[in-house]
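Below is one structure, written out as structure tokens; comments come after it.
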Amino acid sequence: MSEALTIPAPELDDLSRPFWDALKQGRLTFQRCTACGHAWLPARSDCPRCLAPDWQRQDAKGGATLVSWVVYRMAYHPAFESRLPYTVATVQLDEGPRMISNIVGAQPSQLRIEQRLRLRIEAEADFMVPRFTPT
Amino acid sequence: MASNLSGKVVIAGVGHTAFGKLPGRSTVSLNVEAIRNALANAGIEKTEVDGLFVKAPTSKFEMMYAQKLAEALGLQPRIGGIWDHGGASNISMISYAAMAIEAGQCEVAIVALADNPATGTRQAYEKSYGDGDSGTYGWFGTPAGYAMIAQRHLQQYGTPNDGLGAIAVACRKHGAVNPNAQLRKPLTLDQYRQSRYIVEPLRRDDCCLVSDGAAAVVVMSAERAKAMKVAKPVAVLGFGQGQTSWDVALRPDLTTTAAKVSAQTAFAMAGLQPKDIDVAQVYDCFTIAALMTLEDYGFCAKGQGGHWVQGGRIEVGGELPINTSGGLLSETGMPGLQLVIEGVRQMRGDSVNQVKGAAKCIVSNQGGIMHTHSTLILGQ
């Protein structure tokens, strides 16, 4: 397969690597502050609510709701040309954190805000991507 | 108790370049041309200028850019530099200039911006945004962020797509009359409905132009303008700012923006209300941004914008004409200072789409994906 047809790999650093490593084991993780209990994504060194540097990674249970979505009708990257039209969504995990993801297994016309979603982790070239599908 | 600067400072002169494709021109060169024109419009010499506030060019970030520009202008300002919070920067810099003038830190300030994404670099526009995994989800480009917000608005409030269309139609109608506009082709609502999707729900005609160009304004005290016999000063009655500063994905409420607090601050400073405004220049990088700004400014109730803008209400001759020179959708996609210039023209009475008897104009600027906002109220 040519290089151009591989979707961009996540840019990893010490903070974000555990998130992508956990996905390879089938787990979607987020951070929770041990001081104030706030939960968040994406990875940060400090709690954005109380600024404490102490937190733990926890596994999401996989339930989420749909906040909003868009449907790409043109590709901004050659690897997405064969995937058009595709959906990018803002989803809210039941545990609180929000994230950008993709909606799969549904026609865009079937989507509604506040719709219930279920995590579906899908394999790409050499990484796993957390996506969601309507329940 | 803070002092109220309402009416103490004026915009004494405005200037701009041609808009569209200006190949071979650097942003410094474009800025110099706009500033030369603004100084001539104010009828003053560059030697009077002791403040220089410049928006960081969006197309490419350059360190110490304002100092490079000052060098090209042969100026050694007392105060100034670049400001960057996206398209909101212009009005924010006008407010900083006003505060600097009133605090005795400078007397005559230039506020300027230049950009050349059409023929120069588009470095800043091409990147995916957010964190390092945006590209993995195919989350690219600025239009998508606005589309995410638009979808939520359409769904949450039952906003009709024709509401977005009405904004595009009004801007294109007004721009068609403006000889300086980059896109002078009017748009019908039917044509809008047929326009292709870029990132659904946003269509091509919901998205602003990509433009090279520059704009500049001269700011000084009302007193100084009188002493210098400036021909057509326009009073700054109010200004305000606000920042949401949440990534679109993290923003708790996608359909309300910092426009609200920004306008409240500006209206309070001016002692005015939405009903006092005769004409508005509303930042329309995407139609949804203009629609939500009109709601957040209090011209209509939250969620009603899509209905309120229809039926000619926002066109010249309507209740609140917006973007009378065409806005970012028709005049130039440059991020915002041209809207201030059109506000000045309306207050001087020399717009190509002059609103009869217009005495108060509100101007909005915003940046990022509705992260930052600034508001300016001008008066005769």
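Size estimate for the protein assembly as shown follows the Kirkwood approach: the inverse of mean 1/r over distinct Cα pairs works out to 23.8 Å. Take the Cα coordinates of region A:1-73, assign each an equal point scatterer, and use the Debye formula without solvent to give log10 I(q)/I(0) at q = 0.22 Å⁻¹. Once normalised to I(0) and log-transformed, intensities are -1.08. Here the Karplus curve 6.51 cos²θ - 1.76 cosθ + 1.60, taken at θ = phi - 60°, turns the phi angles of region B:28-35 into couplings of 5, 4, 5, 4, 4, 5, 5, 5 Hz, with x standing for Gly and Pro.
Along its principal axes, chain B has C-alpha extents of 54, 44, 44 angstrom, given from the largest down.
Quick one: compute the contact order of chain B, relative version, from alpha carbon pairs under 8 angstrom and 6+ residues apart, as a percent.
Numbers: 941 pairs, mean separation 95.3, N = 380.
This gives 25 percent for chain B.
Restricting the count to DSSP beta bridges whose residues both fall in chain A, what percent are antiparallel, rounded to a multiple of 5? So the antiparallel bridges in chain A amount to around 95 percent. Here the calculated FRET efficiency for residue A:112 and residue B:102, from their Cβ-Cβ distance with R0 = 56 Å, stands at 0.60, rounded to the nearest 0.05. By the helix-only formula, in which each DSSP H run with n ≥ 4 contributes -39500 (n - 2.57) and the sum is divided by residues, chain B has a 222 nm mean residue ellipticity of -10000 deg cm²/dmol.
Amide H contacts of residue A:29 (H built 1.01 Å from N, in plane; Pro and chain starts excluded): A:60 sit under 5 Å, all sequence-distant by 5 or more or on other chains. Here the 3J(HN,Hα) profile of region B:367-379, calculated from phi with Karplus coefficients 6.51, -1.76 and 1.60 at θ = phi - 60°, is x, x, 9, 6, 7, 10, 8, 9, 10, 10, 10, 10, x Hz, Gly and Pro shown as x.
Loop-only GluC sites (Glu not before Pro) in region A:1-103, please: DSSP not H, G, I, E or B, and at most 14 other Cβ atoms within 10 Å. It would help to have the intermediate numbers written out before the result.
Values: sites: A:3, A:11, A:81, A:95; in loops: A:11, A:95.
The qualifying sites are A:11.
Ranking B:22, B:66, B:38 by Cα position along the charge dipole of region B:14-79, where only Lys, Arg, Asp and Glu carry charges on their C-beta atoms, puts B:22 farthest toward the positive end. For chain B, a Gaussian network of Cα nodes joined below 10 Å ranks B:273, B:338, B:243 by mean-square fluctuation, and the top entry is B:273. To the nearest ten degrees, helix B:142-157 and the longest principal axis of the Cα atoms of chain B are 60 degrees apart. With helices as the sole contributors, chain A gives -1500 deg cm²/dmol at 222 nm; each DSSP H run of n ≥ 4 counts as -39500 (n - 2.57), and the sum is divided by every residue. Sites listed here are trypsin sites (Lys or Arg not before Pro) in region B:160-207 whose DSSP assignment is loop and whose Cβ has at most 15 other Cβ atoms within 10 Å: B:184, B:196.
Roughly how many debye, to the nearest 20, is the charge dipole of chain B about its Cα centre, given +1 on each Lys and Arg Cβ, -1 on each Asp and Glu Cβ, and no other charges?
Details: 33 positive and 32 negative charges, 131 e Å.
That gives a dipole near 640 debye.
Neighbour counting of Cβ atoms within 10 Å sorts the residues B:307, B:373, B:16, fewest neighbours leading, into B:307, B:16, B:373. With Cα atoms defining each centre, region B:290-343 and region B:1-78 are spaced 26 Å apart in the structure. At a Förster distance of 41 Å, what's the computed FRET efficiency of residue B:245 paired with residue B:354, Cβ-Cβ distance as r, to 0.05? E between residue B:245 and residue B:354, to the nearest 0.05, is 0.65. In plain terms, the C-alpha convex hull of region A:14-134 casts an average shadow of 8.0 nm² when viewed from every direction.
Computed FRET efficiency, Cβ-Cβ of residue B:45 and residue B:121, R0 30 Å: what is it to the nearest 0.05?
Values: r = 33 Å, r/R0 = 1.12.
According to the calculation, E is roughly 0.35.
Here's how it looks for residue B:87: its modeled amide H is under 5 Å from those of B:367, B:368, which are all 5 or more places away or on a different chain.
Rounded to whole numbers, the Karplus 3J(HN,Hα) couplings from phi for region B:41-48 are 5, 7, x, 10, 8, 5, 5, 6 Hz, using 6.51 cos²θ - 1.76 cosθ + 1.60 with θ = phi - 60°, and x at Gly and Pro. Counted by neighbouring Cβ atoms within 10 Å, the residues A:121, A:103 run from fewest to most as A:121, A:103. For the peptide A:106-117, the mean number of other protein chain Cβ atoms found within 10 angstrom of a residue's Cβ is 1.
Averaged over A:71-79, how many beta carbons belonging to a partner chain fall within 10 Å of each residue's beta carbon? Don't skip to the answer; put the middle values down first.
Numbers: counts 7, 11, 7, 8, 2, 10, 5, 0, 2.
That average works out to 6.
Label separation (residue B:276 vs residue A:73): 4.3 nm, computed from points 7 Å beyond Cα along the C-beta direction.
Quick one: of the DSSP bridges fully inside chain B, what percent are antiparallel, nearest 5? Working shown, then result.
Details: 38 of 52 bridges.
If we restrict to bridges inside chain B, about 75 percent are antiparallel.
Can you sort B:207, B:361 by how many other beta carbons sit within 10 Å, fewest first? Please list the in-between numbers first.
Details: B:207 23, B:361 29.
Going from sparsest to densest Cβ surroundings: B:207, B:361.
Taking every residue in B:143-156 and counting other chain Cβ atoms within 10 Å of its Cβ, the average works out to 4.
From a point 7 Å beyond the Cα of residue B:184 in the direction of its Cβ, which residues of region B:323-360 have a backbone N at a distance under 16 Å? Taking a point 7 Å out along Cα→Cβ of residue B:184, the residues of region B:323-360 whose backbone N falls under 16 Å are B:325-327, B:330-332, B:352-353.
Helix B:287-296 and the longest principal axis of the C-alpha atoms of chain B enclose an angle of approximately 70°. Only the Cβ atoms of Lys and Arg (+1) and of Asp and Glu (-1) were treated as charged; on that basis the dipole of chain A about its Cα centre amounts to roughly 560 debye.
Throughout, read-outs are computed from the coordinates displayed, never taken from laboratory work. Small disclaimer: the values here were computed from a predicted structure and weren't measured. Here the Cβ is made from the backbone with ideal geometry for all residues, glycine too, and neighbour counts use every protein chain on show.
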